[in-house]
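The values are calculated or read from the model by the stated rules, or taken from the named source; none is laboratory data. Values in this document were obtained by computation on a predicted structure and should not be read as measured data. Neighbour counts run over all protein chains shown; Cβ positions are idealised from the backbone, glycine included.
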Amino acid sequence: MRPSFACPEDVELLTALLIRDIPVYTNRELQRALVDQIPVQYRPSYVVLAGRPEFEPIDLDEYVFTTSPAANDELVQVFFTTLERQYAGLTLRELQEYHWLFLTQTDSGWRLALMFSTIGGSPGEPHPPLPPRESSSGSVGQAVQLWLRDCRAGAIAPLTPSAHPEPP
């Protein structure tokens, strides 16, 4: 057993851990969704990679993105991408997805307040992304919520320098 690791209060460290783990969590969610719908041998898609996060917020002064008008919690915006592979028979298709998280820090730890996602098509394709959709209950949104739950419970492994090398 590994020792308990406190969920970071620093959003950049929290996000580095989330990005490292989100493909595994999302793939678990995708497989859970398939169990009741399709025979087990059919595996249509997998998230293979999550990209580096960006923290530069979009100005939201004229918009309300809370579920309660009385909510005064500050929302932290995080953008990241995922690369998904879809299989149909012997055909492979890769899709780039863009995710916009709104996280909030509560007394009990970080929570997902809201999430938007859009599909950008296959890497290298000239097609523009689809319009964003609210995706908190989608596979990546559910994976983020489960990961945050596990982080609050101290069940996430810490970052190690060798496990997250810098690209050349």
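Report whether or not V48 is among the hydrophobic types (A, V, I, L, M, F, W, C) and either at pLDDT 80 or above or in contact with a strand residue (DSSP E or B) (Cβ under 7 Å, 6 or more places away or on another chain) (or both). Criteria met by V48. Among the residues of the range 57-70, are any farther than 16 Å from Q142 by Cα and at pLDDT 70 or above? Looking through the range 57-70, none of the residues is farther than 16 Å from Q142 by Cα and at pLDDT 70 or above. Scoring F79 on the criteria (1) over 20 Å from D150 (Cβ atoms); (2) surrounded by fewer than 16 Cβ atoms within 10 Å (Cβ to Cβ); (3) modelled with pLDDT of 90 or more leaves a single failure, condition (2). May I ask you to verify whether V24 is modelled with pLDDT under 70 and within 13 Å of the chain's Cα centre (by Cα)? Judged against the criteria, V24 is not a match. Within the range 119-160, being among the β-branched types (V, I, T) and at pLDDT below 90 holds for I119, T160.
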